[in-house]
1. In nanometres, what is the gap between the two model label sites at residue 68 and residue 31, each 7 Å from Cα along Cα-to-Cβ?
2. Stretch residue 256-residue 241 to full length: gain in nm at 0.36 nm per residue minus the Cα-Cα span?
3. Find how much the distance from residue 218 to residue 102 grows on full extension, using 0.36 nm per residue of separation minus their present alpha carbon separation; answer in nm with one decimal.
4. Could you please state, rounded to a whole Å, how far the C-alpha centre of the range 161-206 is from the C-alpha centre of the range 1-33?
5. Can you tell me the order of 124-131, 29-36, 7-14 when each peptide is scored by its average per-residue count of other Cβ atoms within 10 angstrom, highest first?
6. Ranked highest first by the average count of other Cβ atoms within 10 Å around their residues, in what order do 84-97, 180-193 fall?
7. Using only the alpha carbons of the chain, what is the convex hull's orientation-averaged projected area in square nanometres?
8. Mark the label point 7 Å from the Cα of residue 50 along Cα→Cβ and return the residues of the range 88-118 whose backbone N is within less than 15 Å of it.
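Since every read-out is calculated from the coordinates, none of them should be taken as a lab result. None of the values given here were measured: they were computed from a predicted structure. No Cβ is skipped: glycine too gets one built from the backbone with ideal geometry, and neighbour counts run over all protein chains shown.
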């Protein structure tokens, strides 16, 4: 969760409406998770949790300490992970090993300040690097790249895959160890928004992709990993309805004891335990 931290300054005016509406979308997402008793991992830019602005206007796009109250007051039992301290890109030439270590240190300090146990990370723009540094900050899980049939490139094949609603990939827990104390939890499905050309993708395709992925995960005993930014569910009221229909399917299968719903840290604990390794933070 980043609000404006992942946006270039020159793009802000065009996205003003999205950022103004995002808190209401976040509130609705939290309410839906509560209704269906589904916990999630919220990967939050550490700077968002601090008061005061960033020196740019409007400041509310860069500072949202109310998120702690909202997530802490939720009944679903969410995990607060990290999206780094200031949304740096790990593959940027300026992001040296020392810069990355400082980002993690700053994120850890913010988490400690608010009593948050930082155990999971989502890399900005999915730019993954410096994995060996994560365990020293207590991180045991990161969201890895989606292992789909068309590779990691966005474009026509990605659009076709989403429009067709092909089964989302799922992953065998035994294949996810990335180190003695680190687990790679690859994405299964990005819940693609409905802005621009993406509005041509039927909402039924998003639901179909999720249901087929969940069914395969149940059948194979594998992990299905859904992700999105809160703003991806804004701008089109049908997106929240689509999301709720996915949650409803998850809750029905969970209530039948077909599957377990886990945060990223819980899923990592599950993988580590299956490998005979301790998962709980010491």
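1. Simple spin-label model gives 2.5 nm for this pair.
2. Here the answer is 3.1 nm.
3. Computed gain between residue 218 and residue 102 is 37.8 nm.
4. The two parts, judged by their Cα centres, are 21 Å apart.
5. The most tightly packed comes first, giving 29-36, 124-131, 7-14.
6. 180-193, 84-97
7. The number I arrive at for the chain is 14.4 nm².
8. Those under the cut-off are 88, 102-114.
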